[in-house]
Amino acid sequence: MAATIQDALYSSLTSLDVSQQQINVISNNIANANTPGYAQENQPTSALNSGGIGSGVLAEPIQRMTNAAATATANQANGAQSYSQEMVNVLTSYTQVLGQASSNASLPSMISALSSQLTTLSASPADPTAQNQTVTAAQNVVGTLHSLDTAVSSAREQADQGIAAGVDSVNATLKQLASNQTSMQAAAAAGSPVASYQDKQDQLIASLSKQLPVKVYQNGNNGIIVTTDQGTSLFDGQVHPLSFTPTSNIPSSVRVNPNSSLGQSGGLGTVTVNGRPIQMSQNGSIAADLQLRDVTLPGFSDQLDSVAGNLIKAFQAADPTVSATNPTGLFTNGGAALAASTGTPVAGLAGTIALNAAVDPTAGGNAALIQAGVHGTVSSSTASDNSTVLGYVQALQTTQTYPSNTGLPTSMTVSDAAAQVSGLQQSTLTNWTSLNSDRTMQSQAASTALSGATGVNIDDQLQRLMTIQQTYSASAQVIQAASTMLNQLIQTV
């Protein structure tokens, strides 16, 4: 009889111990229900047998709920959202300067104002007030182009800084990943739980996926291999850090793949791993910043430069005083003429376009030359001649050619081109804002699906806790009863 009581006592004691371990696991689950990246843990059990007879309960190693497919989907969705969000952030900085086409300070409005002032001047070509107002309108066009050129450069510098910050973040995360893996492997070798290290590993990979697209492969012994989605190795037990040299000042003429025939120059940093350019798709904030710095924003510069170039050439062609010896017109390329045969866009022209000093009173010029022609002579006998001014009016209405690679219609007036540039550049932000909204919802849905597959269901955990507590209570009662029976048995001996 004593042996039977001892068996019952031992069985209940093991049940009590296992129940306490299960309670601890459930309590930890509930405490971390809102912890990002935490995966629910379960404490499985098995029966102890002695001679085919149950003799207690054994706690097996803690199991962590995982779902590789849901995790990969969530990481990809988060990376896609990070990409579109970065596009929105940087484009917003630029378009705040660009303004809406209908704004009085926009490039289309400034060119329209110049056209209106020229029309007014054509009716009173000798009027000093009209002459000065027209010169001011021309200066405003130049100033607006300069502001937009500067804004593009600032946005590219913002993107470049974003690349540098992203590279630093990735490298720091890779170091943490290596340290975490070392600790996890040591814990596994000692027979200790590794679930918390696995949680940390998933959190670090999720952080990486917001910066650049990654793939993860299991490598045995609690090890992993991390690459970009196009195969560049980032971690294989050893960290392969990213390298990048930021550029503090990025004029619009600086390009990652320069075309010197268009006045472009190089000098931009590239992201490399082990000395080789990183290979990855357009996912994550680093890829977005590279796209902005090297493609999207230089495209904006090309559009602005095309408008500036055709503006210069249109007014050169319209001025009867322009000649081989006096080639500059009302607008210049930093004081120089722009040959009619010059291809567009000339890199940086929106930043170097200038009002001819001959008509600029602030530069010692004479505003009356806007009536006579920049190389003409102011004379009372010709003061009422409005032919040059009418030529300028016509210049803004003359159809010119625009390169197809700028994304602009290939044939239109300067006024129409300015409106096209403003509209296309604003629509780029609008499109990315809309796409980012969609991607945000997709990211949230993927995260919710991952949480449903691996996260903590508090209601379920509380129900399990109640069941285990009942088992715990029953085991305690058995122990108490067995102890009483053993004491009584001892007293009868």
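The values are calculated or read from the model by the stated rules, or taken from the named source; none is laboratory data. This one's a predicted model, so the numbers in the text were calculated from it and none came from an experiment. For neighbour counting, all protein chains shown are included, and Cβ atoms are generated from backbone atoms with ideal geometry for every residue, glycine included.
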Looking only at region 372-391, and only at residues there that are under 49 Å from the mean Cα position of the chain (by Cα) and outside any loop (DSSP other than H, G, I, E, B), the one that is surrounded by the most Cβ atoms within 10 Å (Cβ to Cβ): VAL389
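Working carefully through the options SER154, SER169, SER147, find the one that is surrounded by 15 or more Cβ atoms within 10 Å (Cβ to Cβ), at pLDDT 95 or above, closer than 30 Å to ALA363 by Cα and within 22 Å of the chain's Cα centre (by Cα).
Values: SER169 fails: closer than 30 Å to ALA363 by Cα; SER147 fails: within 22 Å of the chain's Cα centre (by Cα).
Residue meeting the stated conditions: SER154.
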Residue in region 215-235 that is of a type in the set (A, V, I, L, M) and either part of a helix (DSSP H, G or I) or exposed (fewer than 14 other Cβ atoms within 10 Å of the Cβ) (or both) present: no
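Just give me the residues in region 267-278 being part of a loop (DSSP other than H, G, I, E, B) and surrounded by 15 or more Cβ atoms within 10 Å (Cβ to Cβ), in sequence order.
Kept after step one, since they are part of a loop (DSSP other than H, G, I, E, B), are these residues of region 267-278: 267-271, 274-275, 278.
Passing the criteria: LEU268, GLY269, VAL271, ILE278.
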Failed item in (1) surrounded by fewer than 14 Cβ atoms within 10 Å (Cβ to Cβ); (2) assigned by TED's automatic domain parsing to the domain that holds GLN81, with LEU408 passing the rest: (1)
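Picking from THR440, THR433, which residue would you name as being in contact with a helix residue (DSSP H, G or I) (Cβ under 8 Å, 6 or more places away or on another chain), within 21 Å of ALA151 (Cα to Cα) and not in a loop (DSSP other than H, G, I, E, B)? Spell out how you get there, then give the answer.
Working: THR440 fails: within 21 Å of ALA151 (Cα to Cα).
Only one candidate qualifies: THR433.
Would you mind stating whether LEU121 is over 38 Å from the mean Cα position of the chain (by Cα), surrounded by 19 or more Cβ atoms within 10 Å (Cβ to Cβ) and not β-branched (Val, Ile, Thr)?
Spelling it out, LEU121 is indeed over 38 Å from the mean Cα position of the chain (by Cα), surrounded by 19 or more Cβ atoms within 10 Å (Cβ to Cβ) and not β-branched (Val, Ile, Thr).
Please pick out the residue among THR428, THR433, THR406, THR398 that is in contact with an Asp or Glu (Cβ under 9 Å, 6 or more places away or on another chain) and touching a residue at least 12 places away in the same chain (Cβ under 8 Å). Let's see the steps before the verdict.
Values: THR428 fails: in contact with an Asp or Glu (Cβ under 9 Å, 6 or more places away or on another chain); THR433 fails: in contact with an Asp or Glu (Cβ under 9 Å, 6 or more places away or on another chain); THR398 fails: in contact with an Asp or Glu (Cβ under 9 Å, 6 or more places away or on another chain).
The conditions single out THR406.
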Count of residues meeting criterion [under 27 Å from ASN436 (Cβ atoms) and in a loop (DSSP other than H, G, I, E, B)] in region 236-266: 7
Residue in region 101-115 that is assigned to a helix (DSSP H, G or I), free of Cβ contacts under 8 Å to residues at least 24 places away in the same chain and within 16 Å of LEU396 (Cβ to Cβ) present: yes
Every residue from region 23-39 that is crowded, with 22+ Cβ neighbours inside 10 Å and polar (S, T, N, Q): ASN29
Residue within region 95-118 that is within 29 Å of GLU157 (Cβ to Cβ), β-branched (Val, Ile, Thr) and loosely packed, with under 15 Cβ neighbours inside 10 Å present: no
Tally of residues being among the polar types (S, T, N, Q), under 20 Å from the mean Cα position of the chain (by Cα) and surrounded by fewer than 17 Cβ atoms within 10 Å (Cβ to Cβ) across region 279-336: 3
Selection status of SER82, in a helix (DSSP H, G or I) and either without any contact (Cβ under 8 Å) to a residue 24 or more places away in the chain or in contact with a His (Cβ under 6 Å, 6 or more places away or on another chain) (or both): no
Pair list, Cβ < 6 Å and 6+ apart or interchain, from region 242-257 residues that are exposed (fewer than 15 other Cβ atoms within 10 Å of the Cβ) to residues that are part of a loop (DSSP other than H, G, I, E, B): THR245/GLY269
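Got a sec? Which of ALA288, ALA317 is in a helix (DSSP H, G or I) and closer than 30 Å to ALA358 by Cα? Give the steps one after another, and end with the answer.
Numbers: ALA288 fails: closer than 30 Å to ALA358 by Cα.
Sole residue among the options that is in a helix (DSSP H, G or I) and closer than 30 Å to ALA358 by Cα: ALA317.
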